[in-house]
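What follows is a set of notes on a single structure, which appears directly below.
The values are calculated or read from the model by the stated rules, or taken from the named source; none is laboratory data. Remember, predicted model here, so these are calculated numbers, not experimental data. Please note: Cβ atoms are built from the backbone with ideal geometry, for glycine as well, and neighbour counts cover all protein chains shown.
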Amino acid sequence: MRFNKYYVAALTSFFIWGFFSLALKPLKDYASLDILFYRIFLATVLLLAINLIFRKKEVQKDVVIFKSLAPTVRRSIVFLTIAGGFLLTVNWFLFIYAINHVSLQSASFAYMICPIVTTILAYFILKEKLSRWQWFSFKIK
């Protein structure tokens, strides 16, 4: 198999995600909302800096494309982006709360089950097509 930087990025993200809860556990003395807002603030600043420094041309192209869309499509994109951000914020708050106030095991179990539930819901609600191998992964016990 040929070396691919995307495989390394994917494996690194799983590695970081697997140990992420260990960094949150010592923060249990802080309120869950404080941790969440700090995370949102830091992520926003970092992503803005990365986009404005390293991806300025792509951002400018995206702005031009966004302005060329019909007003109804733009409203839809803005609504879906805000709704997605809100759902992601609620998701992270529940994760931080579970780690700090319930238990590390329950939070880990919930996040192990979450992709499975998301895939099932995407199949039924969004009519996503699943390949034979994707269905096979659900049937493994």
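A few comments on the model shown:
- Elements of the type helices (runs of 4 or more DSSP H) sitting completely within the stretch 61-141 and holding at least 2 residues that are under 30 Å from Phe19 (Cα atoms), in contact (Cβ under 8 Å) with a residue 12 or more places away in the chain and assigned by TED's automatic domain parsing to the domain that holds Ala23: these cover 71-97.
- Residue list for the stretch 114-139, filter: surrounded by 10 or more Cβ atoms within 10 Å (Cβ to Cβ) and among the β-branched types (Val, Ile, Thr): Ile116, Val117, Thr118, Thr119, Ile120
- Residue that is modelled with the lowest pLDDT, among those in the stretch 29-58 that are assigned to a helix (DSSP H, G or I) and surrounded by 13 or more Cβ atoms within 10 Å (Cβ to Cβ): Ser32
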